[in-house]
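Novice: Shown below is the structure under consideration.
The values are calculated or read from the model by the stated rules, or taken from the named source; none is laboratory data. Predicted, not measured: the structure shown is a model, and the values here were computed from it. Quick reminder, even Gly has a Cβ in these numbers, built from the backbone with ideal geometry, and neighbours come from all protein chains shown. We work out accessible area using only protein heavy atoms, side chains counted, and drop any ligands, DNA or RNA first. Shrake-Rupley method; radii C 1.70, N 1.55, O 1.52, S 1.80 Å.
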Amino acid sequence: MGNYHGAIHELKTQQPYFTQIEAGAKLFELRKDDRAFAADDLLNLREWLPEEGYTGCALCAVVTCIVRGDPWLQPGYVALGIRVLKEPAP
């Protein structure tokens, strides 16, 4: 699966965001900055519906860039640039 040396993060991803990421229309994630996210980390994005739980669908994305501490971000949150990979997370 490529040369990614970062951590792997398992993340719940609700609709409609999961489908937007899958279609290539959403190229970022806004997340609570509680996991020491870094460039080259892998995100295992698992589709999750509040009324049903996990659906079994998942995508793997690599973090391409990170924005922290900018005035437009709510304190304690991070913006992650992402690129969906064709292969599942290891």
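Novice: Determine the percent antiparallel among the DSSP beta bridges restricted to the chain, to the nearest 5. Provide the component values of the computation, followed by the final result.
Specialist: Numbers: 20 of 26 bridges.
Here the share of antiparallel DSSP bridges comes out near 75 percent.
Novice: Plugging the Kirkwood radius over Cα pairs into Stokes-Einstein for the chain, at a temperature of 4 °C and a viscosity of 1.567 mPa s, what D comes out in µm²/s?
Specialist: Values: Rh = 13.4 Å.
Value of D from the Cα-based Kirkwood radius: 97 µm²/s.
Novice: At most 12 other Cβ atoms within 10 Å plus a DSSP loop assignment makes a site exposed; report the longest stretch of the chain without any exposed GluC sites (Glu not before Pro). Numbers along the way, then the final one.
Specialist: Values: sites that count: Glu51, Glu52.
Looking at the chain, 1-50 is the longest stretch - no exposed GluC sites (Glu not before Pro) with at most 12 other Cβ atoms within 10 Å.
Novice: For the chain, which trypsin sites (Lys or Arg not before Pro) pass both filters: DSSP loop (anything but H, G, I, E, B) and at most 11 other C-beta atoms within 10 Å? Walk me through the intermediate numbers first.
Specialist: Working: sites: Lys12, Lys26, Arg31, Lys32, Arg35, Arg46, Arg68, Arg83, Lys86; in loops: Lys26, Arg35, Lys86.
Qualifying residues, ordered by number: Lys86.
Novice: Another question about this same structure. Lysines within cross-link reach of Lys86: Cα-Cα under 20 Å, excluding same-chain residues under 8 positions apart?
Specialist: Here the lysines satisfying the reach criterion relative to Lys86 are Lys12, Lys26.
Novice: Counting heavy atoms of the protein chains only and a 1.4 Å probe, report the per residue accessible area for the chain as a whole number of Å².
Specialist: Values: 5610 Å² over 90 residues.
So the chain comes to 62 Å² accessible per residue, rounded to a whole number.
Novice: Round to a whole number: what % of the accessible area of segment 1-56 belongs to carbon and sulfur, probe 1.4 Å?
Specialist: Details: 1710 of 3500 Å².
After summing per-atom areas, the C and S share lands at 49 percent.
Novice: Moving to a separate point now. If the reach is capped at under 20 angstrom between alpha carbons, list the aspartates and glutamates near Lys32, excluding any in the same chain fewer than eight residues apart.
Specialist: Glu10, Asp40, Asp41, Glu47, Asp70
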